[in-house]
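Have a look at the structure below, then the notes.
The values are calculated or read from the model by the stated rules, or taken from the named source; none is laboratory data. This one's a predicted model, so the numbers in the text were calculated from it and none came from an experiment. Counting neighbours? That spans all protein chains shown, and the Cβs are built from the backbone with ideal geometry, glycine included. Accessible surface areas use protein heavy atoms only, side chains included; no ligands, DNA or RNA. Shrake-Rupley method; radii C 1.70, N 1.55, O 1.52, S 1.80 Å.
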Amino acid sequence: MASFMQIAFQEAELALKRGEVPVGAVVVSAKGEILARASNQTEGNDDPTAHAEIIAIRAACEKIGAPRLPDCDLYVTLEPCAMCAAAISFARLRRVIYAAYDPKGGGIDHGPRFYSQPTCHHAPEVVGGVEEKQAQRLLKAFFASKR
């Protein structure tokens, strides 16, 4: 798990250097192949949907030529928001592994708890808190620089 999460952190660092909220994501096949990696691009693209998870899911789907990723896992440095949780569900990802919990904006273990809703058609396995301290350091440094 940790090696794929470290790649997600590399993506988060790239976002940080561009002045974006430092979130990175990686989609990995069941065979351990990285299908896509991405970082937040909301500011640079003037696109509120350009979260790392959404970009990585789109790229992975394009790579395999299918709208769903049922045998794939998503590694991401921050608990996905409700929008990303929905995209993860629609993509039918097998598992989501994330680093930092997000009590304010998270959509999986906080906020709307998307996968617990009766309207959710697919709930992936979720593992939170993997390398949490590293993610917290990145996020705290970013937001401290904005104050």
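The figure for residue 61 is an accessible area of roughly 20 square angstrom, using a 1.4 Å probe on the protein chains alone. Amide H contacts under 5 Å for residue 97: 74, 75, 76, 127, restricted to partners 5 or more places along the chain or on a different chain, H placed in the peptide plane at 1.01 Å from N.
Using only side-chain charges placed at the Cβ, +1 for Lys and Arg and -1 for Asp and Glu, the dipole size of region 49-147 relative to its Cα centre rounds to 300 debye. With 22 Å as the limit, the listed pairs 63/133; 17/140; 31/133 have 63/133; 31/133 beyond it between alpha carbons. The residues of the chain present an accessible area of 50 Å² per residue when probed at 1.4 Å with all protein chains retained.
Rounded if a/c is under 1.5, else prolate if a/b is larger than b/c, else oblate: which is region 72-130, with a ≥ b ≥ c the root eigenvalues of its Cα gyration tensor? Judged from the Cα gyration tensor, region 72-130 comes out oblate (a/c at least 1.5, b/c at or above a/b). Apolar share of the accessible surface for region 26-123: 51 percent from carbon plus sulfur atoms, 1.4 Å probe. Based on DSSP H segments of at least four residues, each scored -39500 (n - 2.57), the chain has a per-residue ellipticity at 222 nm of -12000 deg cm²/dmol.
For residue 62 and residue 3, the FRET efficiency from 1/(1 + (r/R0)^6), where r spans their Cβ atoms and R0 equals 25 Å, is about 0.55. In the chain, taking the dipole from charged Cβ atoms about the Cα centre, the farthest positive-side position among 87, 67, 21 is held by 21. For GluC sites (Glu not before Pro), the sites in region 1-71 that DSSP calls loop and that have at most 12 other Cβ atoms within 10 Å are 33. With only Cα atoms counted, region 19-105 has Rg and Dmax values of 12.0, 35 Å. Over the chain, the ratio between the Cα radius of gyration and 2.2 N^0.38 Å evaluates to 0.95. Per-residue SASA remark: residue 119, around 110 Å² accessible (1.4 Å probe; ligands, DNA and RNA not included).
Loop-located trypsin sites (Lys or Arg not before Pro) in region 19-97 (DSSP state other than H, G, I, E, B) with a sparse environment of at most 12 neighbouring Cβ atoms within 10 Å: 31.
Each label was represented as a point 7 Å from its Cα along the Cα-to-Cβ direction; for residue 104 and residue 145 these points are 1.7 nm apart.
Using alpha-carbon pairs under 8 Å, 6+ residues apart, how would you state the relative contact order of the chain in percent? With pairs under 8 Å counted, the relative contact order is 20 percent.
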